[in-house]
Structures are given as C-alpha cells and as structure tokens.
Amino acid sequence: MSSSDSSFSLSAPLSVPAGVDPVAWGELRPHVRTLLERIGRRTRPPMESLPADLAREAYALGSEVLEIRPPELARVEELRIPTRDARSIPGRLYIPLRGTGQDATVPLPVLVFYHGGGFVVGSVATHDTLCRALCAGSGCAVVSVDYRLAPDHKFPVAFQDAWDAIFWLRQKAAALGLDAQRMAVGGDSAGGTLAAGCAVQAAQEGVPLRLQLLFYPGMQAAPLTPSRHKYAQGFLLTEPQIAWMFEQWVNSPADYEDWRFAPFLAPRVDGVAPLWLGLAECDPIYDDAMLWADRLRSEGVPVTLEVYHGVIHEFIKMGRAIPEALQAHADAAAALRRALWEE
C-alpha cells in the first residue's frame, strides 16, 4: 500500500474525529486528513454561528493562507459592471501574457467567473489567485464578477448580477480587447451554481457560450443525497453551514424550486453550453453536483467529468497543502483552451 492510498491501513488504524463517518474519513488522502486535523485543532466559532459580516471577514482572512503563488499576468484591471437596478458592482479583468509570435491586437476569448462562498461570503479578492491561475494556464482573459451577497441582497439578486455581467460584457467586449463570440462561464461552489444558471439563461436567449467550467457546484437545498449524509461533518463544508448559507439567501422555501437556485430544475436544457465539471470526492455536495451532469447527459449535452479523489470542498484554493489543486487548475485550463481557442 502506497503512502498516497486513501484506504484504511491495517497496521495504523485511523484516529477518526467525533461525529465523523469513519469510512468517509478513510477515503481522504493522508495529506488532506492531516490538514483537516490541523484545522480541527484551531479554536474558532463555526461560520454559521457568526453574523454575515463577521463570516465574510473570517473567510477573507483565511482565503489566501493555502493558495499557490499568484501567476504572473500581463495586466489586471478593475471594472465597474452596471446592473439592472441602475447600480454597479465591481469586477476584475485578467489579461494573460501573450506567447511569442501572438498578435497582441487579436481579441482574447474570455471566461466569466463567479466566486464561491454560499452566496454569503467570498469576493473577487478571495478568488484572485484562482482566477490568475485559470488565466495564465489557458491563455484566455478572465472577468471575475463581485455579485452582491446575502443576506443584504436576497435571491435572485446574485443571479441577476451574474447575468447582467454577461449582458454588459457582450456589449463592451471589443473595447476591452475581448471576443464576445468565444465566451465561457465558470465558478466554484455557489459561483458554479450561478454559472450553470447563466448557461441556462444563455440558451433561452440565444447567447452563444462555449463552455460551463464548474468546480463542485451546489444544485439543490435538501440533504437528500448520500454524499450530504456521508460527509455532513468533518470535511470543511458541513451540513449546518450549507443550511445556514441557503437560509441567508432565499426569501422562502419556495425559492428552492426556482431553476435559478437549482439549475437542474430548468424546464429545458437543450442548447446549454457543454460542461466541464471538477468534483472533490469527499464533498457533501458531490452527489448534488452530479445531478447537473446527469441531467445534461440525458439531454445530449457534452459533459466532461473530473473527480479528484480523496480531497474536499474548496480544495482548488489550497494548492500549497493539496497538490491535487494544481492538477485541477491544469485540467480546467486545458478545457478552456480546447473550448475557446480551438475552432
């Protein structure tokens, strides 16, 4: 048995934290178990016990601790994106270094990216390194969208902001040096949910998108799937945290049945952009994300699935401690290159 094997060791029984499924704990990569044990020794209140503003501060403080060194880019530019209610939200444009012989006047394909954080925490700043990695690895521009957060802004404001960003970017693409005909949407966790919803909206309105690039998106509220029970405690994202985030965002339980909250409930998905889906094996919303992949496959939409074994939700932002994050960055960047650069 190799040191990277995630199964139980007969000679060294695992020390399983209280309340954690021992079979699930044994599926973790050893370095991921070590990281979770270190996190578990820290004395800090659970996110769901904090007011939203303090939860955002706590998340922001820890967001870069395990990140890789930010890749070098040609340019990073702050944006203001107008919204339908005559306000504006921040955004950030990432421009990659051009390769030798590349024409600097050729418009770049672009990924519109929505950060994770359960619609309550997270920002363009907390996902800066991830966006830089996707930009540098793919050679595509990235526009990261700072949509408005709950509970200050309830459902469906975050979705509306996400869609308004696409609408605005299509109008301003040429001025920004971008190609509106070679566009993808993407995001992690709640940001992946928003990206999937925008893919549905784009299909309904005839807006061309080349790809959905989603890392472990949430797809429904109820803890009905096996993974929501198996990994409910002890794997960073917990079931109480999920419930708290959803409760912060929705106005009433009726919102859970709206496809903008749960895109897999969309009446139609024909014409939706192809999907690249990256999942963490030991994630409570693993099965929920698979609902989207299964729905699209059943409707004939191309789906590429990458499962990163023995890792947890949020792992793509932990490249210093979880090397599988680097592989996920590379896989996602390759998917963007294929979708946006190859004819």
May I ask you to say which residue of Asp283, Asp270, Asp255 is of a type in the set (D, E, K, R) and under 23 Å from Val311 (Cβ atoms)?
Asp283
Is one or more of the residues making up the stretch 315-332 of a type outside the set (Ser, Thr, Tyr) and under 14 Å from Gln212 (Cβ atoms)?
yes
For Val143, indicate whether it is crowded, with 24+ Cβ neighbours inside 10 Å, in a loop (DSSP other than H, G, I, E, B) and within 17 Å of the chain's Cα centre (by Cα).
no
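Going through Ala332, Ala328, Ala273 one at a time, which residue ends up being buried (at least 21 other Cβ atoms within 10 Å of the Cβ) and more than 30 Å from Met47 (Cβ to Cβ)? Before the answer, list the steps.
Values: Ala332 fails: more than 30 Å from Met47 (Cβ to Cβ); Ala328 fails: more than 30 Å from Met47 (Cβ to Cβ).
Ala273 is the lone residue from the list that is buried (at least 21 other Cβ atoms within 10 Å of the Cβ) and more than 30 Å from Met47 (Cβ to Cβ).
Can Ala184 be described as modelled with pLDDT of 95 or more and crowded, with 19+ Cβ neighbours inside 10 Å? Spell out the reasoning first.
Working: modelled with pLDDT of 95 or more: yes; crowded, with 19+ Cβ neighbours inside 10 Å: yes.
In short, yes.
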Please go through the stretch 201-211 and give me each residue that is surrounded by fewer than 17 Cβ atoms within 10 Å (Cβ to Cβ) and not in a loop (DSSP other than H, G, I, E, B), ordered by number.
Gln204, Glu205
Looking at Ala262, Ala280, can you tell me which residue is of a type in the set (A, V, I, L, M, F, W, C), modelled with pLDDT of 95 or more and under 26 Å from Ser63 (Cβ atoms)?
Ala280
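Condition check ((1) among the aromatic types (Phe, Trp, Tyr); (2) in contact with a Gly (Cβ under 9 Å, 6 or more places away or on another chain); (3) on the phi > 0 side of the Ramachandran plot) across all residues:
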| position | (1), (2), (3) |
| --- | --- |
| Gly99 | no, yes, no |
| Thr105 | no, yes, no |
| Val121 | no, no, no |
| Arg132 | no, no, no |
| Ala150 | no, yes, no |
| Phe159 | yes, yes, no |
| Asp188 | no, yes, no |
| Pro208 | no, no, no |
What are the pairs with Cβ atoms under 7 angstrom where one residue, in the stretch 1-30, is among the β-branched types (Val, Ile, Thr) and the other, located anywhere, is at pLDDT 55 or above? Sequence gap at least six, or different chains.
Val16/Pro22; Val16/Trp25; Val20/Gln233; Val20/Gly234
Among helices (runs of 4 or more DSSP H) lying entirely in the stretch 212-328, which contain 3 or more residues that are aromatic (Phe, Trp, Tyr)?
239-249
Restricting to the stretch 63-100, count the residues that are surrounded by 15 or more Cβ atoms within 10 Å (Cβ to Cβ), within 21 Å of Ala175 (Cα to Cα) and among the aliphatic types (A, V, I, L, M).
7
Could you list all residues from the stretch 214-225 that are under 24 Å from Trp276 (Cβ atoms) and not hydrophobic (A, V, I, L, M, F, W, C)?
Tyr216, Pro217, Gly218, Gln220, Thr225
Is it the case that Arg148 is basic (Lys, Arg), closer than 15 Å to Leu111 by Cβ and at pLDDT 95 or above?
no
Looking only at the stretch 226-269, count every residue that is touching a Phe, Trp or Tyr at 6+ places or on another chain (Cβ under 7 Å), surrounded by fewer than 19 Cβ atoms within 10 Å (Cβ to Cβ), within 19 Å of Trp292 (Cβ to Cβ) and in contact (Cβ under 8 Å) with a residue 60 or more places away in the chain and tell me the total.
1
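Got a number for residues in the stretch 94-114 being among the small types (Gly, Ala, Ser) and touching a residue at least 12 places away in the same chain (Cβ under 8 Å)?
Initially, the stretch 94-114 is screened for residues among the small types (Gly, Ala, Ser), giving 99, 101, 104.
Right, trim to touching a residue at least 12 places away in the same chain (Cβ under 8 Å) and you get 99.
The total comes to 1.
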Yes or no: the stretch 115-126 includes at least one residue that is in contact (Cβ under 8 Å) with a residue 24 or more places away in the chain and farther than 28 Å from Trp244 by Cβ.
no
Within the stretch 160-191, work out how many residues are out of contact with any Asp or Glu (no Cβ under 9 Å at 6 or more places or on another chain), closer than 20 Å to Arg56 by Cα and either among the aromatic types (Phe, Trp, Tyr) or part of a helix (DSSP H, G or I) (or both).
3
Among (1) closer than 29 Å to Trp25 by Cα; (2) basic (Lys, Arg); (3) touching a strand residue (DSSP E or B) at 6+ places or on another chain (Cβ under 7 Å), Arg170 falls short only on (1)
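The values are calculated or read from the model by the stated rules, or taken from the named source; none is laboratory data. Not measured: the values here are computed from a predicted model. For neighbour counting, all protein chains shown are included, and Cβ atoms are generated from backbone atoms with ideal geometry for every residue, glycine included.
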